[in-house]
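Chemist: Before anything else, here's the structure in question.
The values are calculated or read from the model by the stated rules, or taken from the named source; none is laboratory data. Everything numeric in this text was worked out from a predicted model, so none of it was measured. Methodologically, a virtual Cβ is constructed for each residue, glycine included, from the backbone with ideal geometry; neighbour enumeration extends over all protein chains shown. The protein model used for the area step is the full one, side chains on, heavy atoms only, and it has no ligands, DNA or RNA in it. Shrake-Rupley method; radii C 1.70, N 1.55, O 1.52, S 1.80 Å.
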Amino acid sequence: MTIALNLDHATALRPSAQRATSLVGLLKPEIAAALQNIGLDEREARMRAKQIWNWIYVNGVTDFERMTNIQKGFRQTLAEKFILDRPEIVSEQVSSDGTRKWLFRFRDPQNPRLPPVEIETVYIPEEDRGTLCVSSQVGCTLTCSFCHTGTQMLVRNLTAGEILGQVLMARERLGDFPGGARPDDGGLVPGGESRAITNVVMMGMGEPLYNFDNVKQALLIASDETGISLSKRRITLSTSGVVPFIEPAGREIGVMLAISLHAVRDDLRDMLVPINKKYPLKDLLQACRDYPGLSNARRITFEYVMLKDINDSDADARELVRLLAGIPAKINLIPFNPWPGTNYDCSSSERIERFADIVNKAGYASPVRTTRGRDIYAACGQLKSETERLSKKDREALSA
Ligand code: SAH
Ligand code: SF4
């Protein structure tokens, strides 16, 4: 069963002709600097920044009026100067397996006259965890041939505030903020964990390493212990293999890494994941070996989409194991998820089992990823939005 509920846009829309600065997505010292800019001295700015941060990330507050440890007069000043931006929810769909997908809408932070953009975010509840799959870009510059997002040209990068906005909205909808009510249509993480969202994966729309600064800022905020406080071990960044940014990702962000490998030979990977022409397998695997903090406790996940008669032979499986020898690795076999217009098919379940068997025998445990949310088009690689890139002429006209 699929429930699609369209929420009332009017409640989420705010008049944003003149955009004030949003404090969502700023690091604590940046909030303090913004407060100094409106006249606070350094000490008070630092103190107020801490309080505001706590309201945004721990309590999920979207209205300065609710910041009760700040005097009323100053709350009003804050509301005049700043906003606490969140995306609008265009739709929320719940799959028969409890997976949820949101279509979120963002206005352009620099230019509110430009049409808003839309992206998708997915929540996957499992026995022992609840994973939020977050987007980093509207569309993608890359054109992996089996990926639906790859058919949508890059419209723009999301800001750090917009990346975090997905986490904040999902937490709100799932009752993760204090006093929040859990939705009653099932599918949330049962017992044990008190939070619905325990893990975040940067596996939604876009290539996170082509939006490095914003992704870094958002993930540093999401993992800050005084805020959302997600452990860096519970955050995974997936890349198609933007080699020059892999080492900085480990050093400056320090989250878990996933590599979209999908092929074990350069000629095939050039076709499936075209960035391979720029950064071939040898360079990619070397960057993996050099990933800061890599150990048996902190392995790299190699994702491998199972495409019928393309990359799913026994020889491919054996070569996969050989290629990864010596790298602390997990292997994740992803059944291909079809989308309208694709020419690929998913490997048969017998083929996937046989492939997994070879990989299992080499010491990698239960590597096949369960497909979730296919009925609502929420599965890996199915995300796409209707937002289109404007021509340069149109952008200029709207910016004038
Ligand atoms: N751009 C990043 C992260 C987003 S995609 C990357 O490519 O890693 C998340 C994962 O889903 C990637 O491994 C991607 O290759 C895979 N994927 C894309 N399309 C898919 C499809 N149709 N079926 C299954 N997996 C797919
Ligand atoms: Fe972009 Fe990742 Fe899709 Fe490739 S698989 S087109 S990098 S989103």
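Chemist: Carbon and sulfur atoms: what percent of the 1.4 Å accessible area of region 118-188 do they account for?
Modeler: Answer for region 118-188: carbon and sulfur cover 52 percent of the accessible area.
Chemist: Measure nothing but the geometry: give the 0 to 90° angle between the long axis through the Cα atoms of 28-37 and the longest principal axis through the Cα atoms of the chain, rounded to 10°.
Modeler: With rounding to tens, the tilt is 30 degrees.
Chemist: How far is helix 212-222 tilted off the main Cα axis of the chain, in degrees rounded to 10, range 0 to 90?
Modeler: Its long axis makes an angle of about 70 degrees.
Chemist: Report the one residue of Ile124, Ala222, Asn199 whose Cα lies farthest in the direction of the positive end of the charge dipole of region 108-238 (charges on C-beta: Lys and Arg +1, Asp and Glu -1; origin at the Cα centre).
Modeler: Result: Ala222, furthest along the dipole toward the positive end.
Chemist: Then there is this: Per residue of region 328-335, what does 6.51 cos²θ - 1.76 cosθ + 1.60 with θ = phi - 60° give for ³J(HN,Hα)? Whole Hz please, x for Gly and Pro, Karplus curve as stated.
Modeler: 3J(HN,Hα) across region 328-335, in whole Hz: x, 9, 10, 10, 10, 8, 10, x.
Chemist: Mind running the shape call on region 20-83? Use the C-alpha gyration tensor, a ≥ b ≥ c as the square roots of the eigenvalues: rounded below 1.5 for a/c, prolate if a/b tops b/c, oblate otherwise.
Modeler: Details: a/c = 1.31, a/b = 1.14, b/c = 1.15.
Here region 20-83 falls in the rounded category.
Chemist: Using a probe radius of 1.4 Å on heavy atoms only, what accessible surface per residue do you get for the chain? Whole Å² is fine.
Modeler: Accessible area per residue: 45 Å².
Chemist: How large is the charge dipole for the chain, taken about the Cα centre, if only the Cβ atoms of Lys, Arg (+1) and Asp, Glu (-1) carry charge, to the nearest 20 debye?
Modeler: In total the dipole reaches around 780 debye.
Chemist: Taking a ≥ b ≥ c as the square roots of the eigenvalues of the Cα gyration tensor of region 53-122, is the shape rounded (a/c under 1.5), prolate (a/b larger than b/c) or oblate?
Modeler: oblate
Chemist: Could you tell me which of rounded, prolate or oblate describes region 88-399, using a ≥ b ≥ c as the square roots of the eigenvalues of the alpha-carbon gyration tensor, with rounded for a/c under 1.5 and, failing that, prolate when a/b is larger than b/c and oblate otherwise?
Modeler: It comes out rounded by the Cα gyration axes.
Chemist: State the answer as a single residue: which of Ser135, Ser366, Asn37 lies farthest towards the positive end of the charge dipole of the chain, with beta carbon charges of +1 for Lys and Arg and -1 for Asp and Glu, about the Cα centre.
Modeler: Positive-end residue among those listed: Asn37.
Chemist: Using each residue's phi in region 364-372, evaluate 6.51 cos²θ - 1.76 cosθ + 1.60 at θ = phi - 60° and report the 3J(HN,Hα) Karplus result to the nearest Hz, with x for Gly and Pro.
Modeler: 9, 7, 4, x, 8, 7, 6, 7, 10
Chemist: Once Lys and Arg get +1 and Asp and Glu get -1 on their Cβ, which of Pro112, Thr99, Leu324 lies farthest toward the positive end of the dipole of the chain?
Modeler: Pro112
Chemist: Now for a separate question. Could you give the distance between the Cα centres of region 55-79 and region 29-53, to the whole Å?
Modeler: That distance is 13 Å.
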